[in-house]
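Enquirer: Handing you a structure now.
The values are calculated or read from the model by the stated rules, or taken from the named source; none is laboratory data. Everything numeric in this text was worked out from a predicted model, so none of it was measured. Positions of Cβ are generated from backbone atoms using ideal geometry, with glycine treated the same way; all protein chains shown enter the neighbour counts.
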Amino acid sequence: MSVLTILGPAPARTPARDTTERGLPRVLGADLEVPVKGGRLVPYANLDYAASAPCLEPVNAAVAAALPAYSSVHRGAGYASQLTTARYEQARHTVRAFAGARADDAVVFTRNTTDATNLLARCLPEGTTVVVFDTEHHASLLPWPDAVRLAPPAFPGEAVRAVDDALAGIDGPALLVVTAASNVTGELWPIAALAHIAHRHGARILVDAAQLVPHRRLNLTALDLDYVVFSGHKLYAPFGAGALIGRRDWLADAEPYLRGGGATTAVAEETVWSEDAEQRHEAGTPNVLGAIALAAACDALSATGWTALVREEERLLTRLRAGLAEIEGVRELALWGPEHPRLGIVSFVVEGWTAREVAEALSAEHGIGVRDGKFCAHPFVRHLLGASDEGCHDGTASAVRASIGLGTATEHVDRLIAALRDLVTRR
């Protein structure tokens, strides 16, 4: 009996439960209350979505539905194993469709974006040169020991020119690694133009889409990307799964990322590794529930149609940035200026306060959760702050990051702005 027979016909897609009349899915914990100084409880203002997004209700429901029949996948003849295998493989199809991938693209389930990027790093053909900007998250910056590192570009066109120049001097296989949206500033990168330049030089492109996919539709095929990576925990599916999606050949030709059961077709005097690009790199028992959760999040976001989601995010982001701009002593960080398109992420510094002091005060006094630090993008944050490498090991070259998503309310944004106004009056 095939796994698709086990699953039966695909259920009709129904919209996720609404938070408001806009028809957006709800997150768990929307009614969470947290203690503040004085012993009061206040509704939590979660403005830390760029680190990890809360779980969507439809995601929680999908995991709960899968648990009663949970079993190990691929090698069991029992009903529970067959059903779980069907759900796992259906999750692969769902994630492929969500990413707008080509029909023959591989979808390898991983732990997160960092794991997915390191997997591809292990699969590069011998002699491959990697080109990467210093503006990247460490997950994209560090897996390549001998990469060509490019300085932060002053504007998007300079990024394209820098890649063009770098690739022109490379003989042999090459890979461009770039983010779709900065995890520090939220600014969108010109990934279609960069893909075009990469392909003109015979290179491939890997796009870190971890920050993009919770906010915007991704179409790998239309953008002509070779590989994309993203994480479930940024995508309202915090169950420890991510994905590497892209062309099969490098994956199928490489040594397995992990060696063990499931990655082989035979083990005797010589091990014969699976020729399937996905099973080859998914040795051992995979995170089935994480994959199911990731697929459920993909379905829930796709069901929104994106228009209402983007419109609400842009409304809140505009309100947040305008409020910050009116506070003397608060400076927003940006690579390409205030008018460049961006997602719901804003990093800033407050004159007279360290980033940690700001974050602690916002939490303890106002029930607001933000992120402080260098956001796993140390070279980029130091560049934006004009700091030297000496600030790498302490809190001096740090910023505060507020990030929004499903569940963010106008009151959360207004509370943050009011709290910052209060802080700057103290020093």
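Enquirer: Can you tell me which of Ala355, Ala322, Ala283, Ala377 is free of Cβ contacts under 8 Å to residues at least 60 places away in the same chain and closer than 24 Å to Ile245 by Cβ?
Expert: Among Ala355, Ala322, Ala283, Ala377, only Ala283 is free of Cβ contacts under 8 Å to residues at least 60 places away in the same chain and closer than 24 Å to Ile245 by Cβ.
Enquirer: Take the residues in segment 72-97 that are of a type outside the set (Gly, Ala, Ser) and within 16 Å of Ala209 (Cα to Cα), then tell me which one is surrounded by the most Cβ atoms within 10 Å (Cβ to Cβ).
Expert: By that ranking, first place goes to Val95.
Enquirer: Being surrounded by fewer than 20 Cβ atoms within 10 Å (Cβ to Cβ) and under 19 Å from Leu235 (Cβ atoms) is true for just one of Gly305, Gly329. Which residue is that?
Expert: Gly305
Enquirer: Report, ordered by the first and then the second residue, all pairs with beta carbons closer than 6 Å, sequence separation of six or more or different chains, a first member in segment 402-427 that is under 19 Å from Arg311 (Cβ atoms), and a second member that is in a helix (DSSP H, G or I).
Expert: Ile404/Leu316; Thr408/Leu316; Val413/Leu316; Val413/Arg319; Val413/Leu320
Enquirer: Look at segment 230-252 and say how many of its residues are of a type in the set (Phe, Trp, Tyr) and part of a loop (DSSP other than H, G, I, E, B).
Expert: Of the residues in that region, 2 qualify.
Enquirer: Can you tell me which residue among Leu67, Leu41 is under 20 Å from Gly369 (Cβ atoms), surrounded by fewer than 19 Cβ atoms within 10 Å (Cβ to Cβ) and out of contact with any His (no Cβ under 8 Å at 6 or more places or on another chain)?
Expert: None of the others qualify; the one that does is Leu41.
Enquirer: Test Ala334 against the stated conditions and say whether it is of a type in the set (A, V, I, L, M), in contact (Cβ under 8 Å) with a residue 60 or more places away in the chain, part of a helix (DSSP H, G or I) and not assigned by TED's automatic domain parsing to the domain that holds Asp208.
Expert: no
Enquirer: Please give the number of the condition Val73 fails out of (1) within 14 Å of Asn287 (Cβ to Cβ); (2) part of a helix (DSSP H, G or I).
Expert: Among (1) within 14 Å of Asn287 (Cβ to Cβ); (2) part of a helix (DSSP H, G or I), the lone unmet condition for Val73 is (2).
Enquirer: Which residues, taken from segment 234-249, are in contact with a helix residue (DSSP H, G or I) (Cβ under 9 Å, 6 or more places away or on another chain) and not basic (Lys, Arg)?
Expert: Leu235, Tyr236, Ala237, Pro238, Phe239, Gly240, Ala241, Gly242, Ala243, Leu244, Ile245, Gly246
Enquirer: Can you run down the residue pairs with Cβ atoms below 8 Å, 6 or more apart or on separate chains, where the first is in segment 38-67 and more than 30 Å from Ala181 (Cβ to Cβ) and the partner is crowded, with 18+ Cβ neighbours inside 10 Å and not β-branched (Val, Ile, Thr)?
Expert: Val42/His366; Val42/Gly367; Ala66/Arg87; Ala66/Leu289; Leu67/Leu289
Enquirer: List the residue pairs whose Cβ atoms are under 7 Å apart, where the first residue sits in segment 110-135 and is under 18 Å from Leu294 (Cβ atoms) and in the same structural domain as Leu294 (by TED's automatic domain parsing), the second is at pLDDT below 95 and among the aromatic types (Phe, Trp, Tyr), and the two are 6 or more positions apart or on different chains.
Expert: Leu119/Tyr257
Enquirer: Give me a count of the residues in segment 309-336 that are over 22 Å from Leu420 (Cβ atoms) and of a type outside the set (Lys, Arg).
Expert: Result for segment 309-336: 5.
Enquirer: Another question, then. Considering every residue within segment 222-229, establish whether at least one is assigned to a helix (DSSP H, G or I) and touching a strand residue (DSSP E or B) at 6+ places or on another chain (Cβ under 9 Å).
Expert: Yes, because at least one residue in segment 222-229 is assigned to a helix (DSSP H, G or I) and touching a strand residue (DSSP E or B) at 6+ places or on another chain (Cβ under 9 Å).
Enquirer: Let me ask something else. How many residues does segment 98-148 hold that are in contact with a strand residue (DSSP E or B) (Cβ under 7 Å, 6 or more places away or on another chain), buried (at least 22 other Cβ atoms within 10 Å of the Cβ) and of a type in the set (Ser, Thr, Tyr)?
Expert: Count: 4.
Enquirer: Do any helices (runs of 4 or more DSSP H) lying entirely in segment 88-195 carry at least 3 residues that are out of contact with any Ser or Thr (no Cβ under 7 Å at 6 or more places or on another chain), and which ones are they?
Expert: Answer list for segment 88-195: 113-123, 156-168.
Enquirer: Moving on. For segment 338-352, enumerate the residues that are touching a residue at least 40 places away in the same chain (Cβ under 8 Å) and either within 30 Å of Leu218 (Cα to Cα) or buried (at least 22 other Cβ atoms within 10 Å of the Cβ) (or both).
Expert: His340, Pro341, Arg342, Leu343, Gly344, Ile345, Val346, Ser347, Phe348
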